[in-house]
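Student: If you scroll down you'll find the structure; I have some questions about it.
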Amino acid sequence: MQHHARDCEDIMHTSSPDKAAEYTDIVKVVDFRPFLNGSNKQAVADAILESFKTIGFVYLTNHGLEQEKIDGMFDMSRKFFALPHEQKMLAPHPPSGTHHRGYSAPGAEKVVQHLYDRGDISEARKRADIKESFEAGREDDELMPNIWFPEDILPGFRETCLQFFWDCFEVEKNILRALAIGFGLSEDYFVKVHTKPDNQLRLLHYPSVSTSALRNEEISRIDAHSDFGSITLLFQDDIGGLEVQSPTSDDFIPVRPVPGSLLLNAADFLMRWSNDTIKSTIHRVRAPPSIESETTPDRYSIPYFCCVDLETVVDCVPTTWSDEVPKKYEPLSVSTRCNAKMTSSHPQVNVRPWKPFASRPLLPIYPPSDPAIYPSLPSPPREQPFSTFTLSTHIVPAVHLRRGPFVPTPELPSNALSKDEKTHMVGKVVDKLVRNMKDPSVQNDKHENVLWNVLNRYVKSGLNDSNSTGLTLFFSHANGYPKETWEPILARIFASPAAVMIDEVWTWECVQHGDAGLINAKALTGFFDWSDNSRDIFNFFLHFLPSTPCNAILPVHLPRIPQVETDSRVLRGFQNRTMILVGHSFGGTSL
Ligand SMILES: O=C(O)CCC(=O)C(=O)O
Ligand SMILES: [Fe+2]
């Protein structure tokens, strides 16, 4: 081992001092040639791993990808971004956050880390990312097909991107081989599960902006985040602006560009895979430290994000754990891209396997028949609670066949009774409910009362095609709470950087709660089966939730969506919405 350490020093030298005082040499430069020509693979491997363990980033020179090809890709990228907006928009990035291909205009995407309580969050929320990007993958990726504009708009663009994608894949494989050797494993340990590849090439352009606005954090380029796959290869021009978080403090350190190199960093999935022995370090893009002009120069960079094959089950790398240092994570199946993303964005969370449970079948969800009378909202309109999201309240009919018999709701104990008498009365009601719950004849009974659900909708003010992300949040309350119970939580969410990712929020109200309970007062039964709340929520999703989040004012009584759209939702789910459902207790069970 001794000689490895010494060789390591020869290969790992620090970047030469730069005239800008703020730059530091925290990111090492490693010459990759001895790995490629086989003269000293182990030393290169050790040097990379050492950097991954300390800071998560390392510069590689002589990485094997010809400078001509890199220059060619940058030339094409500059030409692409110089096209008129309308032409770039002929290859638009879809509004949903799940299909990362095509062109995103400045401000369309907001990269944030899930660290809401750091820094001035309410300020961060207002800042758009001033960058534009184009993303591409392999042509035969069925989950995320590429999005190209007509070839004659920029001849050679598609071919250059695809060629560069595959050239980077070759470099990636060599780096993965080095990593395996660094971990003391067989050379193909990582390569054999990076075969497809499910990678993403991203062209980035940070337009020239006011230096002071960037420094004062009125605008941003890319906010602090970590990458989610296994490793990222970053090619950048000589402008600078990338900053990485210090391993010893929360400070961000400007990283000086190194000509002819690629910057390699470990991402979240690899960190987890390595049992947290290597770091997926948080980084961001700001104004270059050496700039004194009023505006920053344009900056171009090209990250290449590498991912594990989706069907792989990943267990902690064997040499990263032992009896003394146990595994922190269970084996993880990378079965869907979504799964890969979720786990990688929460790398610290131990994943516990789901325990299956036998759930009762739901009664069918017939579309509710058109009721004769449409009730009004029982409570007067409220003042708008949030400045950035607009509140409106809506009514939808609940599913029409209700489980259980129609029995009168229990009477409230009179205030004249003593505490003991009240307790006794409530006890009797509870006994009856429990008996009913266990009685199959009661369970199988049904009634047809018309009931209503009420929802609050909070829509992002100024929502439009270019700032829409397709993300919809849906909240379902616990027993005894009205839909407004979520507002303190919404206040936190709307004040966080994540707010820019949200188009719409809906908060649900079960039939015997809040406004819904007031509307339904006379039609409520004393026997309520929880599964009916699930059916009511399904009913809303299938028949009433509008197809696309939009800024339009919706009527109080939401109209039924066309049957073809309902049929499509049954088969394929939502096409224009990414839904996140949140439920508390009874509300969570219902979901
Ligand atoms: O432009 C850069 O230097 C960094 C880009 C980046 O971090 C990313 O796209 O994830
Ligand atoms: Fe990144």
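The values are calculated or read from the model by the stated rules, or taken from the named source; none is laboratory data. Keep in mind that this is a model prediction, so the values were computed, not measured. Don't worry about glycine lacking a Cβ; one is built from the backbone with ideal geometry, like all the others, and counts go over all protein chains shown.
Student: Does Phe228 count as within 14 Å of ligand 1 (Cβ to nearest atom) and in a loop (DSSP other than H, G, I, E, B)?
Tutor: Here the answer is yes, as Phe228 does meet what is asked.
Student: Looking at Pro546, Pro555 in this structure, which one is more than 30 Å from the chain's Cα centre (by Cα), over 19 Å from Thr485 (Cβ atoms) and not small (Gly, Ala, Ser)?
Tutor: Exactly one of Pro546, Pro555 is more than 30 Å from the chain's Cα centre (by Cα), over 19 Å from Thr485 (Cβ atoms) and not small (Gly, Ala, Ser), namely Pro555.
Student: State whether the residues of region 294-306 include one that is β-branched (Val, Ile, Thr) and under 23 Å from the mean Cα position of the chain (by Cα).
Tutor: Within region 294-306, one or more residues are β-branched (Val, Ile, Thr) and under 23 Å from the mean Cα position of the chain (by Cα).
Student: Of the residues that make up region 231-252, is at least one in contact with an Asp or Glu (Cβ under 9 Å, 6 or more places away or on another chain), surrounded by fewer than 23 Cβ atoms within 10 Å (Cβ to Cβ), of a type in the set (A, V, I, L, M, F, W, C) and at pLDDT 90 or above?
Tutor: Within region 231-252, one or more residues are in contact with an Asp or Glu (Cβ under 9 Å, 6 or more places away or on another chain), surrounded by fewer than 23 Cβ atoms within 10 Å (Cβ to Cβ), of a type in the set (A, V, I, L, M, F, W, C) and at pLDDT 90 or above.
Student: Please tell me if Glu172 is over 21 Å from Thr98 (Cα atoms), charged (D, E, K, R) and touching a Pro at 6+ places or on another chain (Cβ under 9 Å).
Tutor: yes
Student: Enumerate the pairs (first residue in region 287-309 and assigned by TED's automatic domain parsing to the domain that holds Lys192 and under 19 Å from Leu242 (Cβ atoms); second residue anywhere and part of a loop (DSSP other than H, G, I, E, B) and among the hydroxyl-bearing types (Ser, Thr, Tyr)) with beta-carbon separation below 7 Å, excluding pairs fewer than 6 apart on the same chain, so at least 6 apart or on different chains.
Tutor: Going by the 7 Å Cβ cut-off, the qualifying pairs are Ala287/Thr296; Pro288/Thr296; Pro289/Tyr23; Thr295/Ser208; Thr296/Ser208; Pro297/Ser208; Asp298/Ser208; Cys306/Ser230.
Student: I would also like to ask the following. Asn216 versus (1) more than 16 Å from ligand 1 (Cβ to nearest atom); (2) under 22 Å from Glu50 (Cα atoms): which is the lone unmet condition?
Tutor: With (1) more than 16 Å from ligand 1 (Cβ to nearest atom); (2) under 22 Å from Glu50 (Cα atoms) applied to Asn216, the lone miss is (2).
Student: For a quick check of your reading of the model, give me the residue pairs whose first member lies in region 225-241 and is within 19 Å of Leu179 (Cβ to Cβ) and outside the structural domain of Leu176 (by TED's automatic domain parsing), whose second is more than 8 Å from ligand 2 (Cβ to nearest atom) and part of a strand (DSSP E or B), with beta-carbon atoms closer than 7 Å and at least 6 apart or on different chains.
Tutor: From region 225-241, no pairs qualify.
Student: Do you know which residues across region 24-73 are in contact with a Phe, Trp or Tyr (Cβ under 6 Å, 6 or more places away or on another chain) and outside any loop (DSSP other than H, G, I, E, B)?
Tutor: The answer is Val29, Lys41, Val44, Leu60, Ile70, Met73.
Student: Separate question: Looking for something away from ligand 1 (no atom under 12 Å from the Cβ), assigned to a loop (DSSP other than H, G, I, E, B) and in contact with a Lys or Arg (Cβ under 8 Å, 6 or more places away or on another chain) - is there at least one such residue anywhere in region 283-296?
Tutor: Yes, there is a match, as at least one residue in region 283-296 is away from ligand 1 (no atom under 12 Å from the Cβ), assigned to a loop (DSSP other than H, G, I, E, B) and in contact with a Lys or Arg (Cβ under 8 Å, 6 or more places away or on another chain).
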